[in-house]
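Visitor: Mind having a look at this structure? Questions to follow.
The values are calculated or read from the model by the stated rules, or taken from the named source; none is laboratory data. Since the model is a prediction, treat every value here as computed from it, not as a measurement. Here the Cβ positions follow ideal geometry from the backbone for every residue, glycine too, while neighbour counts run over all protein chains shown.
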Ligand SMILES: Cc1ncc(COP(=O)(O)O)c(C=O)c1O
Ligand SMILES: [Zn+2]
C-alpha cells in the first residue's frame, strides 16, 4: 500500500517512519499519519467507495492499515443519517440531520477509532492493547480486543456508569478503576504506555487511533450525496473527534470526493467540564485544565484534553463556536431528541442537542442552515443519569376498569382513545 507515507509532526512538520511512536522528538508535538493524497485521488472514487463494505472500512484508502489480514472488523460504522424534521420544527429550524452513531456495535462512536487502533496494534505485533477511558472507549476497545484475542487493559476514573463497566468486563477486559479523575487515570496509563509493550489506543497508538474518528464526517458527506453540511455540532472530550472532523473534510476535498466546503464546526461540552468551550469563549488558545469535573456527562469529563488546543484551532478556522449547556439542559436535550426523533442518546448526545438549542436562542444559526448533530453514544448505557429526570411508569391493577380510569385522567379534550373498547 502506497497510501501512507509515514508520520508527521503537527507542529513542526518533521517526518517520521511508520512506527509505534506518538510524539515529535524535536518539539514534542503530536504526530499525524501522512498520506500520499495524489496517489489516493487516482485510486478512490464515489463509485469505488459505494462498492465497499457497509462499515468504516469502505474508506480503507484513507485509513492507515497496510495489511488487510490485520483488520479487526466487527461491523463498525455506516450508521444512519436521519432527517430530523420533528426536532427541526421544535427548534424553529428547517434542516437538521442526526448522525446516529449510538447504534455502533458497542453503542458509541468510539468503535471507529478502536477498530483502527486494534488493527494497527496487530500490525505492529503488540502483545496487548489498552486505553484510558471515560467509559465508551473502554467498551469499544474491549470488544475489538476480544475479537482480536488480545488481552486488554482499561483504566477508568471512579464512579463511571454501571452499564459501561459491565459491558467492558463482559468482553473480558482487565478493568482498572483508578482512584481519582480521568486525567489521573490517563497519566498512569501514559506512564505504563511509555514503559511497556502494551499498545494504548489513545496514547502510544494515538496517531493511528484518531484516524478512525474522521470516518464519521466521511459518512456524513457520503450520505448527503458527497457534500459537506453547513454546520456540524460535535461533543468534545479530548477534542480528537472534533479535530478529526476538520481533517476529514480537508482530506475529502484534497482527494476530490467533495467540492470546496464551508462547514462551521461547533464544540459542545458540559458546563461542569468545559475547558475547550471556555477557552473559545474567552478567545484564548491555551486550555485552562478543569481539575475536578462536575457533570452528569461523564463521557465528556476530561479536564485536560490532549487535543483541546487543536479542537480550538479547528473551531476557529471554520468559524464555529462553543456552547456549554448545564446538566439540566443536557438532560432536557436527551428527552427532546428521544421524543421528537425516537433516538435515545446518552448525555454526550444531549449536550449536542442542548448546544444547538442555545445556538438558536443566541441567534447563531440561520433558519435554513443545514445542521448535523453528532449523536455519539447510546442512552441505554447511562440510565442512571436520565432516570431521575423522567416520569415514573403508571401502575394499575390488571383490569379494564383501572385502565379506563387512567385514560380518563390522561384524555385530552376532543379525542376519544377508548372508542369501541
Ligand atoms: C459519547 C462520546 N461522545 C463524544 C466524545 C468525545 O470524543 P473525543 O474524546 O474524541 O473528543 C466521547 C469521548 O469519550 C464520547 O464518549
Ligand atoms: Zn515537531
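Visitor: Only residues that are buried (at least 24 other Cβ atoms within 10 Å of the Cβ) and either assigned to a loop (DSSP other than H, G, I, E, B) or over 19 Å from the mean Cα position of the chain (by Cα) (or both): list them for the stretch 321-352, please.
Guide: Result: 324, 325, 346.
Visitor: Pick from 102, 114, 119: which is under 16 Å from the mean Cα position of the chain (by Cα) and either in a loop (DSSP other than H, G, I, E, B) or farther than 23 Å from residue 181 by Cβ (or both)? It would help to see each step written out before you state the result.
Guide: Values: 114 fails: either in a loop (DSSP other than H, G, I, E, B) or farther than 23 Å from residue 181 by Cβ (or both); 119 fails: under 16 Å from the mean Cα position of the chain (by Cα).
The conditions single out 102.
Visitor: May I pose another question? Let me spell it out: the conditions are (1) at negative phi; (2) away from ligand 2 (no atom under 16 Å from the Cβ), and residue 25 meets all of them except one. Which number is the exception?
Guide: So residue 25 meets the others, but not (2).
Visitor: Given (1) within 26 Å of residue 383 (Cα to Cα); (2) away from ligand 1 (no atom under 11 Å from the Cβ); (3) in contact (Cβ under 8 Å) with a residue 24 or more places away in the chain, identify the lone condition not met by residue 177.
Guide: The failed condition is (3).
Visitor: Here's a follow-up. For the structure I just gave you, tell me whether residue 89 is within 16 Å of ligand 2 (Cβ to nearest atom), exposed (fewer than 14 other Cβ atoms within 10 Å of the Cβ) and either more than 25 Å from residue 243 (Cβ to Cβ) or over 24 Å from the mean Cα position of the chain (by Cα) (or both).
Guide: Numbers: within 16 Å of ligand 2 (Cβ to nearest atom): no; exposed (fewer than 14 other Cβ atoms within 10 Å of the Cβ): yes; either more than 25 Å from residue 243 (Cβ to Cβ) or over 24 Å from the mean Cα position of the chain (by Cα) (or both): yes.
Answer is no for this residue.
Visitor: Give the residue that is farthest from ligand 1 (Cβ to nearest atom), with candidates limited to residues of the stretch 358-383 that are buried (at least 19 other Cβ atoms within 10 Å of the Cβ) and farther than 19 Å from residue 81 by Cα.
Guide: Selected residue: 365.
Visitor: For residues that are within 30 Å of residue 161 (Cβ to Cβ) and not in a helix (DSSP H, G or I), scanning just the stretch 382-421, find the one that is nearest to the chain's Cα centre (by Cα). Lay out the reasoning, then the answer.
Guide: As a first pass, look at the stretch 382-421 and keep what is within 30 Å of residue 161 (Cβ to Cβ): 382-395.
From the residues that got through so far, the ones that are not in a helix (DSSP H, G or I) too are 382, 390-395.
On the way: 382: 15, 390: 25, 391: 29, 392: 30, 393: 32, 394: 35, 395: 38 Å.
My answer is 382.
Visitor: If you take the residues of the stretch 28-70 that are within 16 Å of ligand 2 (Cβ to nearest atom), without any contact (Cβ under 8 Å) to a residue 60 or more places away in the chain and surrounded by 13 or more Cβ atoms within 10 Å (Cβ to Cβ), which of them is farthest from residue 105 (Cα to Cα)? Working first, answer last.
Guide: Going through the stretch 28-70, the residues within 16 Å of ligand 2 (Cβ to nearest atom) turn out to be 28-34.
In the following step, the residues that additionally are without any contact (Cβ under 8 Å) to a residue 60 or more places away in the chain were identified as 28-29, 34.
Now restrict to residues that are surrounded by 13 or more Cβ atoms within 10 Å (Cβ to Cβ): 29, 34.
On the way: 29: 33, 34: 29 Å.
Only one residue fits best here, namely 29.
Visitor: Write out, first by first residue and then by second, each pair whose Cβ atoms fall under 9 Å of each other, whose residues are 6+ apart or on separate chains, and whose first residue, in the stretch 234-253, is over 22 Å from residue 359 (Cα atoms) while the second is within 16 Å of ligand 2 (Cβ to nearest atom) and assigned to a helix (DSSP H, G or I).
Guide: As it stands, the answer is 240/206; 240/310, since those pairs meet every condition given.
Visitor: In this structure, is residue 229 farther than 19 Å from residue 30 by Cβ and away from ligand 1 (no atom under 16 Å from the Cβ)? Explain how you work it out, then say what you get.
Guide: Numbers: farther than 19 Å from residue 30 by Cβ: yes; away from ligand 1 (no atom under 16 Å from the Cβ): yes.
Yes, satisfied.
Visitor: Scanning for something over 24 Å from the mean Cα position of the chain (by Cα), modelled with pLDDT under 95 and surrounded by fewer than 15 Cβ atoms within 10 Å (Cβ to Cβ), does the stretch 7-24 turn up at least one residue?
Guide: Yes, the stretch 7-24 contains a residue that is over 24 Å from the mean Cα position of the chain (by Cα), modelled with pLDDT under 95 and surrounded by fewer than 15 Cβ atoms within 10 Å (Cβ to Cβ).
Visitor: Ok, one more. Has the stretch 255-275 got at least one residue that is in a helix (DSSP H, G or I), buried (at least 23 other Cβ atoms within 10 Å of the Cβ) and more than 15 Å from ligand 1 (Cβ to nearest atom)?
Guide: First, the residues of the stretch 255-275 that are in a helix (DSSP H, G or I): 271-273, 275.
Filter once more, keeping what is buried (at least 23 other Cβ atoms within 10 Å of the Cβ): 273, 275.
Filter once more, keeping what is more than 15 Å from ligand 1 (Cβ to nearest atom): none.
For the stretch 255-275, residues in a helix (DSSP H, G or I), buried (at least 23 other Cβ atoms within 10 Å of the Cβ) and more than 15 Å from ligand 1 (Cβ to nearest atom): absent.
Visitor: Turning to a different aspect of this structure: Please work out which residue is farthest from the chain's Cα centre (by Cα), limiting yourself to the stretch 71-86 and to residues that are buried (at least 18 other Cβ atoms within 10 Å of the Cβ) and within 16 Å of residue 232 (Cβ to Cβ).
Guide: Going residue by residue through the stretch 71-86, those that are buried (at least 18 other Cβ atoms within 10 Å of the Cβ) are 71-72, 74, 76-79, 81-82, 84.
Subset that is within 16 Å of residue 232 (Cβ to Cβ): 79, 81-82, 84.
Details: 79: 13, 81: 14, 82: 17, 84: 19 Å.
Only one residue fits best here, namely 84.
Visitor: Condition (residue is at pLDDT 95 or above and away from ligand 1 (no atom under 16 Å from the Cβ)) applied to the stretch 96-107: is it met by at least one residue?
Guide: Step one: list which residues in the stretch 96-107 are at pLDDT 95 or above, which gives 96-107.
Next, from what is left, pick out any that are away from ligand 1 (no atom under 16 Å from the Cβ): 96-97.
Checked against the condition, which is being at pLDDT 95 or above and away from ligand 1 (no atom under 16 Å from the Cβ), the stretch 96-107 yields at least one hit.
Visitor: State whether the residues of the stretch 292-313 include one that is buried (at least 24 other Cβ atoms within 10 Å of the Cβ), within 12 Å of ligand 1 (Cβ to nearest atom) and over 17 Å from the mean Cα position of the chain (by Cα).
Guide: No: zero hits.
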